[in-house]
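To keep things clear, I will list the structure first and then write my remarks on it.
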Amino acid sequence: MGMIERVFGFLFGSGGNVIKDTAEVFFENAEAGAARDAQIKQAVMAQFAAEFSAATKPGLFDRLIDALNRLPRPALALGTLGLFVSAMTDPIWFAERMQGIALVPEPLWWLMGAIISFYFGARHQAKSQAFQRSIAETVARTPVVANNLHALNALEEGAAQIEGTTGDNPALEDWRNGA
């Protein structure tokens, strides 16, 4: 008995675990790693909360820039609708304006096209990535949904078996027969 105690005392130490301590030199302790990850996530969320909290209201310049960033899409949409309305209400006025646009040099059209393409292209890229992320989340939920469907089918089969067995219950038979 004394030799076994000494071997276990050597391997696991008195109050410590030599094997565990040695293994942690080569492999990360999962529990400690999870605790560190949780601390990092909490720090990030605290930073985001501080950045977007009501206590740090944006100044006039920030609000002006935010307003300017929101203008291009509505301006382009409303401007296009305005062109259609003006073409229908005053075709001569509209034709005069279009003659002026016909004089715009081609490089300027290319420049305007590039600017609009970059603006809407960046927005499209961001929306596309969000869409891909939502698809990945949906696919990740597929096994859970399949398990739920399997459980529901099992419940339905069990209910069908219960309905099929009437036993000696005349009241249930009368109810099923609509009496």
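The values are calculated or read from the model by the stated rules, or taken from the named source; none is laboratory data. Since we're looking at a predicted model, the values are computed, not measured. Because the Cβ atoms are built from the backbone with ideal geometry, glycine has one as well, and the counts that use them run over all protein chains shown.
Run down Arg123, Arg97 and say which single residue is surrounded by 10 or more Cβ atoms within 10 Å (Cβ to Cβ) and either under 30 Å from Arg176 (Cα atoms) or modelled with pLDDT under 85 (or both).
Going through Arg123, Arg97 in turn, just one is surrounded by 10 or more Cβ atoms within 10 Å (Cβ to Cβ) and either under 30 Å from Arg176 (Cα atoms) or modelled with pLDDT under 85 (or both): Arg123.
Considering Ala122, Ala159, Ala130, the condition of being more than 30 Å from Ala75 (Cβ to Cβ) and within 40 Å of the chain's Cα centre (by Cα) is satisfied by Ala159 alone. With a requirement of 3 or more residues that are closer than 29 Å to Leu83 by Cα, in contact (Cβ under 8 Å) with a residue 24 or more places away in the chain and of a type in the set (Lys, Arg), none of the helices (runs of 4 or more DSSP H) lying completely within region 99-179 satisfies it. You will find that of Ala50, Ala75, the residue that is farther than 27 Å from Ile116 by Cβ, surrounded by 10 or more Cβ atoms within 10 Å (Cβ to Cβ) and of a type outside the set (Asp, Glu) is Ala50 and no other.
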